[in-house]
1. I'd like to verify a number: residues in the stretch 143-202 that are more than 17 Å from the chain's Cα centre (by Cα) and of a type in the set (Ser, Thr, Tyr), how many?
2. Please count how many residues of the stretch 134-159 are at pLDDT below 95 and in contact with a Pro (Cβ under 9 Å, 6 or more places away or on another chain).
3. Please count how many residues of the stretch 41-74 are at pLDDT below 80 and either assigned to a loop (DSSP other than H, G, I, E, B) or touching a Phe, Trp or Tyr at 6+ places or on another chain (Cβ under 7 Å) (or both).
4. Among ASP186, ASP149, which is closer than 25 Å to ARG107 by Cβ, surrounded by fewer than 19 Cβ atoms within 10 Å (Cβ to Cβ) and in contact (Cβ under 8 Å) with a residue 40 or more places away in the chain?
5. Checking ARG198 against (1) surrounded by fewer than 18 Cβ atoms within 10 Å (Cβ to Cβ); (2) in contact with a Lys or Arg (Cβ under 9 Å, 6 or more places away or on another chain); (3) within 30 Å of HIS33 (Cα to Cα), which test does it fail?
6. Has the stretch 113-123 got at least one residue that is in contact (Cβ under 8 Å) with a residue 60 or more places away in the chain and touching a Cys at 6+ places or on another chain (Cβ under 9 Å)?
Amino acid sequence: MCKTMAFVEIPPLVLRLAPVIDMSDEQFFELCHLNRDLRLERTSQGDLVIMPPTGGETGRTNFKLTQVFGNWVDVDGTGVGFDSSTGFTLPNGAKRSLNLAWVKRERWEALTPEQRRQFPPLCPDFVLKLRSPSDALATVQAKMQEYLDNGAQLGWLIDPIEKKVYIYRPQTPVACLDNPQTISGDPVLPGFVLELGRVWNG
């Protein structure tokens with residue numbers, strides 16, 4: 001009898017380096033380039049987070065989100081969009097990456113060429129996190145709060161598992177929408193409306 005093997009995404013591996021290893025920003029950037037097949041993050045405490053590649057469903061959904069959002073970015077022109085392979089250095093020192101991010105053009109253009117080539121030293125204005133099956137909800141919610149605490153003006157945590165969207169805005173309680181069909185980015189992303197059918201229905 002043949003057994004069907006179910007694929008289960010593996011949770012991130014966290015290595016605590018401090019105080020044994022004090023890695024500089026330049027060393028972390030080089031480490032990421034030496035290990036391009038891995039998705040690496042660094043917490044504000046200096047811990048190294050190693051995240052395996054996402055499963056097919058998460059990757060497919062993220063591709064759709066990138067496609068739709070990229071079209072809006074091209075038409076709007078007031079900011080710069082980034083995909084899930086981009087790392088940012090937040091004001092608290094953490095090195096984080098998102099499924100999608102957007103930075104106002106004037107903030108991006110204020111960076112030096114060297115800052116743009118490495119992990120940009122800023123928190124994006126808009127951040128989007130897509131929850132994967134391996135993500136504990138409390139963990140990704142804490143990440144979203146970290147972005148908000150570091151200057152994000154709008155954050156969307158999209159949970160395809162529970163069909164919920166958590167909306168983060170400064171000085172505002174987190175809003176949880178149950179199975180919404182659309183969400184609007186106004187006023188941070190003027191005119192951008194995401195149709196969730198692309199996420200919920202595959």
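1. The qualifying residues number 3.
2. 4
3. Qualifying residue count, the stretch 41-74: 4.
4. Only one candidate passes the filter, namely ASP149.
5. (3)
6. Within the stretch 113-123, one or more residues are in contact (Cβ under 8 Å) with a residue 60 or more places away in the chain and touching a Cys at 6+ places or on another chain (Cβ under 9 Å).
The values are calculated or read from the model by the stated rules, or taken from the named source; none is laboratory data. Everything numeric in this text was worked out from a predicted model, so none of it was measured. Methodologically, a virtual Cβ is constructed for each residue, glycine included, from the backbone with ideal geometry; neighbour enumeration extends over all protein chains shown.
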